[in-house]
Amino acid sequence: MNNTNLAILSLCLCWRIRTGNALTYNLISIFVSIKQIKAYLMKLLSNKSLLFIIIFCVVWVDSFIGTNDYANWWIENILTFISLFTLIFTYRYYRFTSLSYFLIMLFMCLHVYGSKYTYADNVFGYGIMDTLDLSRNPYDRIVHFSFGLLLYLPLKEFFSDWLKYPKSLSVYLPVILVLALSGGFEVIEWLVADIFFKEHGDAYLGTQGDVWDAQKDMALAFVGSTISCIILIFKK
């Protein structure tokens, strides 16, 4: 507590002793409450993982409250629930760096924000579409590119620090895994849209008439992970 705070508190206590004014009690209570809130916020900011969880939950809840298609929201977020469960379950065995948790949070925020409007009708994507005079909403392309760009480092840590792979190998394996996961996700999209939830297939796929949508999504994820890989190599 600095000298200014001590002086204020001392004046309040002296006034209380001399006058017995109940207002002074309120002033002291407010002063103490502010200090407690400040201490709590400082503690929160020091715990980066908790801060990332809170930020993501705010974005996630907002995406659910503001969605215009609840059925599609649940379908889009099946993998979100699986991912969160995996991160929580493995936290006791391995913890990523704060930077990796931030990148994971950022990607998941992009994904759940996409589920708010559906990828094809995303408001932010329409803004980019109008600004750049594009023929389609590019938000799905942004998320697939971000999948490779943002999740490269967590995957690299997974291979090098958890599985203890040689560092020379762990640098390149995330790029291969991103491409494999992207292909697997496209298979999941096909199963969801054509077998399990046919009535929501078009909204879930969001191809917007592009017959090469799946291939382009995979390519963008691959490019994103390759860029992160190159950055890491040159950084060393």
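Bear in mind these aren't lab numbers, they're just calculated from the coordinates by the rules spelled out. Small disclaimer: the values here were computed from a predicted structure and weren't measured. Neighbour counts run over all protein chains shown; Cβ positions are idealised from the backbone, glycine included.
Below, the figures for the structure above:
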| quantity | calculated |
| --- | --- |
| Protection proxy ranking of 51-57, 217-223 - average other beta-carbon atoms within 10 Å, highest first | 217-223, 51-57 |
| Nearest-0.05 FRET efficiency for ILE128 and TYR94, computed from C-beta distance (R0 35 Å) | 0.45 |
| Restraint check, LYS156/LYS235; LYS48/LYS116; LYS116/LYS156, Cα-Cα greater than 24 Å | LYS48/LYS116; LYS116/LYS156 |
| Region 47-235, relative contact order [Cα under 8 Å, separation at least 6], % | 25 |
| Protection proxy ranking of 169-177, 132-140 - average other beta-carbon atoms within 10 Å, highest first | 169-177, 132-140 |
| Mean Cβ neighbour count within 10 Å, used as a protection proxy, ranking 69-75, 86-92 highest first | 69-75, 86-92 |
| Projected label distance in nm at ILE82 and ILE227, using a 7 Å step from Cα toward the beta-carbon | 2.6 |
| Most positive-pole-ward Cα, PHE222, ASN72, SER100, against dipole of region 47-235 from beta carbon charges | SER100 |
